[in-house]
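Peer 1: This structure is in C-alpha cells; I'll ask about it shortly.
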C-alpha cells in the first residue's frame, strides 16, 4: 500500500523536478548546493593550493640544498624577502616552512582530499540524491573559501605570514615581539583556521548524517563500500578533534590580543631581558590541546586515502577486498587510538617518563591495525588479475609509502629513541612518506579513478603512467636520504647548517641531491596538471562504467544531473566486492544486481537472501525527492 | 503536496525503534530527521570545545596552591599567591550591599536557567500536541528565563570588574623595586581576587558560555516568532522547537559544569 502511494508520488515528483526552473549561472556553478559541483570546487581549490604549497617547499629546498646560491631570480615574486646579498631572508625561510605545512596539511590534504571525495562519493555510493543538507554543504565550501582567502592574503603582507611552524606553539606565536611572522601574519593564520574549522564542522555533520540517514534501500552498514566507511570515520574524527583546536586557537587569540596569560608565564625578552607581566599560563597546555587535534588530523588526512585505495585496489585486482570486516575494524581501531596517543609528539617536553611509556605503548598498538590494512592490500593483490591503470599504480604506490613510512613510525614511537630523533629530518622524512606522500597518492589515485564520473571524460593513461613513475621515484629520492640526515642529528626548520661544527661539512651534497629531487618531483606534477586540464576539455568521452566497478556511482548516467539518478534510486542487494565470483558471467556483479538474477554464482546463504529482496525494494522511504522540500 | 505529505508520515511511522530492517537502508534508522541528527552531532562537537576549555581551567588552577589557613593565616584574604575560595569571591547580591551571601546570587541564576529548561520541555511537549497557544506560552517563558540569566550574568560580571570597596594591595616588582599598589576588581591582566589567570579563565569561559546562551535566546525568539505566525502549524509539525530545545538543554548542561568548576570546587 505504502509503496504504491510512494511510487505515484515519485512519478509526480520526478516530473516536477524535470520542470525545475533553469538555475542561474551563479546558483549552478558558484553558490551551488549540488554535492558534485561542491566536490569539484574543493578539488580545483585543492589543486591550486597544492601548487602554492609545493612551490613554497621548492623555495626553501633551494636554500637548504644550495646555501650559497644567488636567488636574485626570485625577486620578481618574493621582492624584499630576497635580501641584499641575494639570499632568502632567514625570517621568510621560517614563514615558508610554516606555510608549506599549514597549506599542505589543512588546505590540500584535508579540504582538497576529503572535501572533494567525501562530497562527491558519499551521496553517489550510498545511493542518495544529494547530501542531507545541500545548503550547509555550500556554506561549508564557502567558509573554506574564506579561510583560503585570508590565508592567501597573509602571504602578501609586509611582515610576512605566520612563521612559528604549522603547530604554532606559543610563546613564539603568542608574542608579536618574538618574530615578524608573529605579528599580523599570525593573526590572519588564526582567523583563517577558525573559519576552516567552521567549514570542517559543517562538512562533517553533513557527511555523518548523510551516511546514517540517506543510504538507499538494502545499503546496510555491512554493505557500504570501504570508501564510505573511511569518509564516515574521518568525519567523526574531525567532528571531535577540530573543536579542541578551536578552543586552543581562541585562547591563543586572547593571549595575543587581549593580554591574558593562558599560555604565557615568566617571560623575559629582548637584549635587556625585559620581563613581561604574564604569569600563570603554560605553553605545554597549548601543545596538549593542539596535538589532541593534531594527531587525529594525521588520520583525517590518511583514512580517506586508505578508503579510496581499498576500492581502487579491489576493482583493479578484480578480486574481493581481502578482509572487508577486518578493514572496517582496523579503521575503527585507528580512529579510536588516534585520540589517545597525542602526547607522543611531546616526549621531550619534560613529560613524566612513566606517562611517556603509556603513550608509547598506545602509539605502538596502532601498528597492529595499520599492519592489518597493509597485509590486506597485499593479499588483495595476491594472485589478482591486476589491471595497472594509473589509479591502480598510485594506490599501490600509497601502500608502498604507507609501509616504508609506517616502519619509521615504530622507531619514532619509542620515547627513548625519540629523544635522539625528535625534531630532526628523520621525523620530516617519516611523516612526509606516511601521511604526506601516501595521502597525496590517495588523492591522485582518486582523481584518476573518478575523473570519468566527475567530468564525463577519461584522463590520458600514458601521461598518467609517466606522472606516476616520475612522482613515485621522485618522492623516494627526496625522502629516503632524508632519514640519514635525521639520524645524523640535523634539526628541522633550520635556515642553514653552516654555523655548527657537527653539520658544517657533512651531507651538503646529500642536501643538494634532495633539493634536486624535490624540484624534479615538483616539475613532474605539471604532467598531471596538463593531463587534468586537457582531459577536462579534450579527453576521450567516458563510458558509463569504465573500470567495470560494482559501486553505485557507476549506475548513474555518464553526466549525472540534479538528484543523480533519473527515476528511482537503485536498491542494493550485495556487498560492493563481488569481483571474479566463481560461476558468474562477468568478472563483476554490481551492488544493484539482485541475487535472484545470479543463481549461477550464488552461495548457499545468498540464495536464502532472495526472499528478502521484495522487502528491501519496498523499503524506499528516504528518497529526498519524495520529501517536501 | 498531499501525496508527499503522506509519504513523509509513512517514513516516520514504519521505522520502528531498532527494528533489524531499520539499518537496512531506505529508511531513517534512528527515526530522526537529518536536522535533528545534525543538531546532535553539532552538540557532540561543542562538548569537546567546552571540554578543552574546562581542561585548561583545571590545569591552570591546579598549578596554583589553594588557600591554606595553616600557611596564609586563619582569616581568608585575597592574594595572587593562591587560588581564591569561590564563596569569598561570589558573595554579593544586587540591592543587598555589604551583606556576605556566598553563592546565593549565582544559585538563583542557575535555578533560573534550569527552570528555563523545564519550560522548554513543556514547549516541546506542546509542540507534539500541535498546541500553538501552549508552544507560544512556554517559549516565552524560556526566552524570559534566558534573558534573565544573561542579565544576571551581566550584573555579576560588572560586580566582578568593579571589585570590592577596599580593593586588594598587591606588591609587584617595577624596575627592580618592590612597589605596593591597591587594585580594585578584575580585568584580563590584573585581578584583586587572586591570580590574574583566575579572572582570565572566568571571563573567557563564562563569556563563551554566555555567547552560547545569547545565540540560544536569539534562536528561541526566532522559533517563537515562527510558531506564533503559524509556520509550524502549516508545516504540520513542531520539530524545530525540538531541535532548538536540544541546543537549549545542552547550554544548560554546560552551565552545570561551568558552575561546578568555578563556584563549587
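Here is a yes/no grid of residues against (1) over 23 Å from residue B:42 (Cβ atoms); (2) assigned to a strand (DSSP E or B):
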site: B:182; (1), (2): yes, yes
site: B:193; (1), (2): yes, no
site: B:200; (1), (2): yes, no
site: B:212; (1), (2): no, no
site: B:218; (1), (2): no, no
site: B:233; (1), (2): yes, no
site: B:237; (1), (2): no, no
site: B:243; (1), (2): no, no
site: B:249; (1), (2): no, no
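Peer 1: Give the residue, chosen from B:92, B:186, B:154, that is touching a residue at least 40 places away in the same chain (Cβ under 8 Å) and either within 14 Å of chain A (Cβ to nearest Cβ) or in contact with a helix residue (DSSP H, G or I) (Cβ under 9 Å, 6 or more places away or on another chain) (or both).
Peer 2: On inspection, the qualifying residue turns out to be B:92.
Peer 1: A further question on this structure: Of everything in region B:222-236, what is farther than 20 Å from residue B:146 by Cβ and out of contact with any helix residue (DSSP H, G or I) (no Cβ under 8 Å at 6 or more places or on another chain)? Give them in sequence order.
Peer 2: B:229, B:231, B:234, B:235
Peer 1: Report whether or not residue B:158 is assigned by TED's automatic domain parsing to the domain that holds residue B:97 and either surrounded by fewer than 17 Cβ atoms within 10 Å (Cβ to Cβ) or touching a strand residue (DSSP E or B) at 6+ places or on another chain (Cβ under 9 Å) (or both).
Peer 2: So residue B:158 passes the test.
Peer 1: How many residues, within region B:26-52, are assigned to a helix (DSSP H, G or I) and either more than 7 Å from chain A (Cβ to nearest Cβ) or over 14 Å from residue A:211 (Cα atoms) (or both)?
Peer 2: 15
Peer 1: Right, another one. Can you give me the number of residues within region A:224-256 that are part of a helix (DSSP H, G or I) and facing chain B (nearest Cβ under 10 Å)?
Peer 2: 17
Peer 1: Oh, and also: Limited to region A:265-282, what total is found for residues that are more than 12 Å from chain B (Cβ to nearest Cβ) and either under 21 Å from residue A:247 (Cα atoms) or touching a helix residue (DSSP H, G or I) at 6+ places or on another chain (Cβ under 8 Å) (or both)?
Peer 2: Residues in region A:265-282 being more than 12 Å from chain B (Cβ to nearest Cβ) and either under 21 Å from residue A:247 (Cα atoms) or touching a helix residue (DSSP H, G or I) at 6+ places or on another chain (Cβ under 8 Å) (or both): 2 in total.
Peer 1: Is it the case that residue B:9 is part of a helix (DSSP H, G or I), over 30 Å from residue A:225 (Cα atoms), within 10 Å of chain A (Cβ to nearest Cβ) and at pLDDT 90 or above?
Peer 2: No, not satisfied.
Peer 1: OK, next. When the residues of region A:524-544 are narrowed to those that are in a loop (DSSP other than H, G, I, E, B) and in contact with a strand residue (DSSP E or B) (Cβ under 9 Å, 6 or more places away or on another chain), which ends up nearest to residue A:58 (Cα to Cα)?
Peer 2: So the residue we want is A:539.
Peer 1: Just give me the residues in region A:260-275 being surrounded by fewer than 17 Cβ atoms within 10 Å (Cβ to Cβ) and part of a loop (DSSP other than H, G, I, E, B), in sequence order.
Peer 2: A:266, A:270, A:271, A:272, A:273
Peer 1: Turning to a different aspect of this structure: Condition first: under 30 Å from residue A:144 (Cα atoms) and buried (at least 20 other Cβ atoms within 10 Å of the Cβ). Can you find one or more residues in region A:85-93 that meet it?
Peer 2: Yes - at least one qualifying residue is present in region A:85-93.
Peer 1: Name the residue that is nearest to residue B:207 (Cα to Cα), counting only residues in region B:166-177 that are assigned to a strand (DSSP E or B) and modelled with pLDDT under 85.
Peer 2: Here the answer is B:170.
Peer 1: Residues A:570, A:599, A:582: which one is assigned to a loop (DSSP other than H, G, I, E, B) and within 16 Å of residue A:123 (Cα to Cα)?
Peer 2: Exactly one residue qualifies, and that residue is A:570.
Peer 1: Of the residues A:337, A:293, A:302, A:362, which is buried (at least 24 other Cβ atoms within 10 Å of the Cβ), modelled with pLDDT of 95 or more and in contact with a helix residue (DSSP H, G or I) (Cβ under 9 Å, 6 or more places away or on another chain)?
Peer 2: The unique qualifying residue is A:302.
Peer 1: What's the total number of residues in region A:207-221 that are over 17 Å from the mean Cα position of the chain (by Cα) and touching a residue at least 60 places away in the same chain (Cβ under 8 Å)?
Peer 2: Final tally of qualifying residues: 10.
Peer 1: What about residue A:353, is it in contact (Cβ under 8 Å) with a residue 12 or more places away in the chain and closer than 29 Å to residue A:580 by Cβ?
Peer 2: no
Peer 1: Does residue A:103 meet the test of being within 14 Å of another protein chain (Cβ to nearest Cβ), part of a helix (DSSP H, G or I) and modelled with pLDDT of 95 or more?
Peer 2: The answer is no for residue A:103.
Peer 1: Out of all the residues in region B:67-78, which are surrounded by 18 or more Cβ atoms within 10 Å (Cβ to Cβ) and over 21 Å from residue B:106 (Cα atoms)?
Peer 2: Result: B:67, single match.
Peer 1: Ok, one more. Picking from B:82, B:138, B:57, which residue would you name as being buried (at least 16 other Cβ atoms within 10 Å of the Cβ) and touching a strand residue (DSSP E or B) at 6+ places or on another chain (Cβ under 7 Å)?
Peer 2: It is B:82.
Peer 1: In addition: Which ones in region A:192-223 are at negative phi and at the interface with chain B (Cβ under 7 Å from one of its Cβ atoms)?
Peer 2: Once the filter is applied, which keeps residues that are at negative phi and at the interface with chain B (Cβ under 7 Å from one of its Cβ atoms), region A:192-223 yields A:201, A:205, A:208, A:209, A:212, A:213, A:215, A:216, A:217, A:219, A:220, A:221.
Peer 1: For residue B:64, are the conditions met, namely being touching a strand residue (DSSP E or B) at 6+ places or on another chain (Cβ under 6 Å), within 14 Å of another protein chain (Cβ to nearest Cβ) and either at pLDDT 85 or above or surrounded by fewer than 14 Cβ atoms within 10 Å (Cβ to Cβ) (or both)?
Peer 2: Here the answer is yes, as residue B:64 does meet what is asked.
The values are calculated or read from the model by the stated rules, or taken from the named source; none is laboratory data. Since the model is a prediction, treat every value here as computed from it, not as a measurement. For neighbour counting, all protein chains shown are included, and Cβ atoms are generated from backbone atoms with ideal geometry for every residue, glycine included.
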